[in-house]
Amino acid sequence: MTTLVGQCGNQVGCRFWDLALREHAHVNQTGVYDEALSSFFRNVDQRREGGADSTGGRITSLKARAVLVDMEEGVLGEILQGPLRSLFNSTQLISDVSGSGNNWAVGHHTYGLTYREQIVDQVRKAAEHCDCLQCFFLIHSMGGGTGSGLGTFVLKLLEEEFPEVCRIVTSVYPTAEDDVITSPYNSVLAMKELTEHADCVLPVDNQSLVDIVGKIQHMSNTGKLGCTIKKDCTIISGQGGVVKVEKPFDAMNNIVANLLLNITSSARFEGSLNMDLNEIAMNLVPFPRLHYLVSSLTPLYTLADVNIPPRRLDQMFSDAFSKEHQLIRADPKHNLYLACALMLRGNVQLSDLRRNIERLKPTLPFVPWNQEGWKTSLCSVPPVCHSHSLLALANNTCVKSTFFELRERFVKLYRRKAHLHHYLAVDGMELAGFNEALSSISDLIEDYTHLESPLMPNAPRLAIAT
């Protein structure tokens with residue numbers, strides 16, 4: 001089940017649902033409601049009383065398993081009037097008028113308390129339609145007020161109401177040049193909640209998305225003869241989906257949507273080695289607070305000339321561990337891996353997978369107590385337009401550099417007490433909240449740094465996951 005919060009979260013969600021429909025239409029051309037479709041969509045028979053779910057047979061009316069929340073009407077209004085409108089009932093969309101004003105406290109405390117019951121009610125109703133609810137996906141941004149504040153409030157609600165269901169959060173982090181001056185406050189305040197209440201967090205850096213889009217567009221425009229890139233077969237393309245008109249940020253949002261499609265592929269389609277979503281946290285998170293995973297996607301494109309041999313499989317594995325394919329700016333090879341998951345799609349043999357792991361092992365520094373910390377899955381259905389693909393999820397201490405930069409930007413504002421009055425004017429927000437958030441991110445950085453020390457003194461500091 002997917003929960004989208006804030007403008008960014010809902011825009012990413014729009015691309016996600018659009019590309020999910022494209023993928024399922026490509027795989028399922030019979031019009032039959034199958035098990036793969038049921039993971040994201042209900043099949044509602046409007047002829048039956050109350051629009052009851054139809055568990056088999058022909059597709060009648062697909063409804064997304066989702067709750068969409070935004071405190072401005074713009075994006076949700078576009079969804080209700082756009083080509084994806086049939087996927088949602090109006091009750092699944094929860095909105096206000098004025099927005100959170102780029103203020104985490106307004107989103108978390110003001111709107112959180114105001115809409116708590118309505119959000120819980122809609123989440124419960126969506127959950128009741130699931131035969132086996134395995135995971136909540138929460139998509140939000142960190143820089144604004146609604147995504148950071150209300151998004152993390154919703155995360156706490158999910159933990160309270162469904163403590164046994166895995167919570168995987170995709171968080172879009174702002175760049176240092178972000179136009180929201182208070183984004184460091186919002187991000188660090190949100191980080192505290194993510195560290196305490198999420199099972200896994202997939203941080204996505206806006207600048208990394210910009211870099212990937214720019215790189216693909218540059219190669220598309222300057223490709224040599226016989227080596228051009230199929231423009232409808234890049235990871236930034238939405239060709240073949242329901243939405244025909246491309247909007248600003250669609251290319252960037254498509255990357256995040258592809259991340260979610262690939263992470264769920266093994267749960268949706270058949271394969272020789274499946275991985276349930278709850279296995280991600282179980283295998284990649286050795287300590288409860290250190291659950292931030294670096295994601296990378298490859299290939300990013302398909303070559304247009306059929307005479308060019310497909311990108312060598314070995315190269316795809318190597319690319320998955322290069323900085324250029326990561327969705328966050330960091331250098332994992334100069335830091336320590338705690339664990340790593342490889343999620344493959346397409347015609348890839350288990351022997352190829354094992355051979356490449358053995359080939360890459362000497363170049364990837366793992367913690368000494370988890371040298372065999374690999375989790376793998378093989379899904380037989382490739383992404384649209386690709387023969388195969390690879391999503392790598394790495395728990396690596398390199399994420400601390402992102403958190404360190406974020407903390408520095410927070411401290412620059414906080415040292416001067418700049419803009420604090422906007423937050424402290426909100427009921428429920430106190431100065432202690434800033435100090436606790438700063439302490440939380442500092443402790444997180446220290447925990448990652450501690451793992452890199454040769455002898456790991458005072459090991460009990462890292463709590464054992466229970």
Go through (1) open to solvent by 30 Å² or more (accessible area, probe 1.4 Å); (2) modelled with pLDDT under 90 for GLY31 and report which single condition fails.
(1)
Helices (runs of 4 or more DSSP H) contained in the range 211-324 and holding at least 2 residues among the hydrophobic types (A, V, I, L, M, F, W, C) and either open to solvent by less than 10 Å² (accessible area, probe 1.4 Å) or modelled with pLDDT of 90 or more (or both):
250-263, 278-284, 313-320
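Restricting attention to the range 3-22, which residues are open to solvent by 10 Å² or more (accessible area, probe 1.4 Å) and over 18 Å from ILE94 (Cα atoms)?
Of everything in the range 3-22, those that are open to solvent by 10 Å² or more (accessible area, probe 1.4 Å) and over 18 Å from ILE94 (Cα atoms) turn out to be ARG15, LEU21, ARG22.
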I'd like the full set of residues that are in a helix (DSSP H, G or I), open to solvent by 10 Å² or more (accessible area, probe 1.4 Å) and either under 20 Å from PHE287 (Cβ atoms) or of a type in the set (Ser, Thr, Tyr) (or both), limited to the range 154-194.
GLU159, LYS192, GLU193
Residue among LEU133, LEU138 that alone is in a strand (DSSP E or B) and within 30 Å of ASP205 (Cα to Cα)
LEU138
Residues that are surrounded by fewer than 23 Cβ atoms within 10 Å (Cβ to Cβ), under 29 Å from ASP232 (Cα atoms), at pLDDT 90 or above and in contact with a His (Cβ under 7 Å, 6 or more places away or on another chain): does the range 41-63 have at least one?
yes
Filter result for VAL201 (hydrophobic (A, V, I, L, M, F, W, C), out of contact with any Pro (no Cβ under 9 Å at 6 or more places or on another chain) and part of a helix (DSSP H, G or I))
no
Taking LEU80 and the conditions (1) open to solvent by less than 20 Å² (accessible area, probe 1.4 Å); (2) modelled with pLDDT under 95; (3) part of a helix (DSSP H, G or I), which numbered condition does it fall short on, given that it satisfies the others?
(1)
Qualifying residue in the range 86-101 (condition: free of Cβ contacts under 8 Å to residues at least 40 places away in the same chain, in a loop (DSSP other than H, G, I, E, B) and closer than 21 Å to CYS166 by Cβ):
no
Of (1) part of a helix (DSSP H, G or I); (2) of a type in the set (A, V, I, L, M, F, W, C); (3) touching a Leu at 6+ places or on another chain (Cβ under 9 Å); (4) surrounded by 17 or more Cβ atoms within 10 Å (Cβ to Cβ), LEU391 fails just (1)
Condition first: in a loop (DSSP other than H, G, I, E, B) and either within 20 Å of ASN274 (Cβ to Cβ) or basic (Lys, Arg) (or both). Now tell me which residues in the range 343-371 satisfy that.
ASN347, VAL348, GLN349
Failed condition for GLU405, given (1) within 30 Å of ALA20 (Cα to Cα); (2) surrounded by fewer than 16 Cβ atoms within 10 Å (Cβ to Cβ), with all others met?
(1)
Against the condition among the aromatic types (Phe, Trp, Tyr) and surrounded by 21 or more Cβ atoms within 10 Å (Cβ to Cβ), how does PHE366 come out, does it pass?
no
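Considering LEU150, LEU138, which residue is open to solvent by less than 10 Å² (accessible area, probe 1.4 Å) and closer than 13 Å to ALA66 by Cβ?
It is LEU138.
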Is it true that some residue in the range 110-118 is modelled with pLDDT of 95 or more, part of a helix (DSSP H, G or I) and more than 26 Å from PRO184 (Cα to Cα)?
yes
Hey, does the range 297-320 have a residue that's within 30 Å of SER442 (Cβ to Cβ) and in contact with a helix residue (DSSP H, G or I) (Cβ under 9 Å, 6 or more places away or on another chain)?
no
For the range 65-77, give me the residue count where each residue is among the charged types (D, E, K, R), closer than 14 Å to GLN7 by Cα and in a loop (DSSP other than H, G, I, E, B).
2
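The values are calculated or read from the model by the stated rules, or taken from the named source; none is laboratory data. This is a predicted model, so every value here is computed, not measured. Here the Cβ is made from the backbone with ideal geometry for all residues, glycine too, and neighbour counts use every protein chain on show. We work out accessible area using only protein heavy atoms, side chains counted, and drop any ligands, DNA or RNA first. Shrake-Rupley method; radii C 1.70, N 1.55, O 1.52, S 1.80 Å.
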